[in-house]
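Presented below is the structure to which this report refers.
None of the figures in this text is laboratory data; all of them are computed from the coordinates on show. Please read all numbers here as calculations on a predicted model, not as lab measurements. Note that each Cβ is placed from the backbone with ideal geometry, even for glycine, and that neighbours are counted across all protein chains shown.
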Amino acid sequence: MRCPFCAHDDSQVKDSRPSEDGTSIRRRRECAGCGQRFTTFERVQLRELTVLKKDGKREPFDRAKLERAIALACRKRNIDAGQIERLANGIQRRLETSGDEATANQIGQLVMYGLKGLDPVAYIRFASVYKDFSEAGDFAEIAEAVGDTPPDGPGLLDKLI
């Protein structure tokens, strides 16, 4: 593993443990070159996912991009990083089990559905960007839809796609 500080290509694992939700392994490493410590995460990847964008272009699925979009919608809300991580895990697993390719629309719908059950304000924030709101009435429509919150439970994301 290459060191993020000095780019040295040798590091030693000092500690390994499963993440809180058990979907990844957290490894604490020390660089053999500069002695700095850093953390890496190891996750199971079922297959290589490709995202079909609205303009017809294809690009590799980027989990970090998904997490950033969810985190941005949840900013300054009472939502911890673990909840964002679990939502991203659920979405990624759902996409991986449904095939090698997903549309940007499918991903957006999964995020909206997950946020709707997690936090109504985060849901509206994400929807305003995802659905490209142009008028105040668009916010009113989506705010009314928040009242139709999906049921909680392990199968929350299973109803989509």
Item to complete: Could you let me know the centre-to-centre spacing of segment 58-107 and segment 1-34, using Cα atoms, in angstrom?
Response: 23
Worksheet item: Contour minus end-to-end for T39 and A7, with contour as 0.36 nm per residue of separation and end-to-end as the Cα-Cα distance?
Response: 10.1 nm
Practice prompt. Springs between alpha-carbon atoms under 10 Å, Gaussian network over the chain: tell me which of S19, S11, S98 tops the mean-square fluctuations.
Written response: S11
Worksheet item: What is the sum of charges around C31, taking Lys and Arg as +1, Asp and Glu as -1, for the other residues whose C-beta is under 15 Å from the C-beta of C31?
Response: +2
Worksheet item: Under 5 Å between amide H atoms, partner at least 5 residues away or on a different chain: which partners does T103 have, H built in plane at 1.01 Å?
Response: L52
Worksheet item: If you look for lysine pairs in the chain that are eight or more places apart or on different chains, how many of them have Cα atoms under 22 Å apart?
Response: 14
Practice prompt. Hey, can you grab everything whose amide H is under 5 Å from the amide H of L49? Only 5+ residues off in sequence or another chain; H modelled, so Pro and N-termini drop out.
Written response: F61
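Kindly state, to the nearest 0.05, the FRET efficiency for S98 paired with A143, given R0 = 41 Å and r defined as their beta-carbon distance.
0.85
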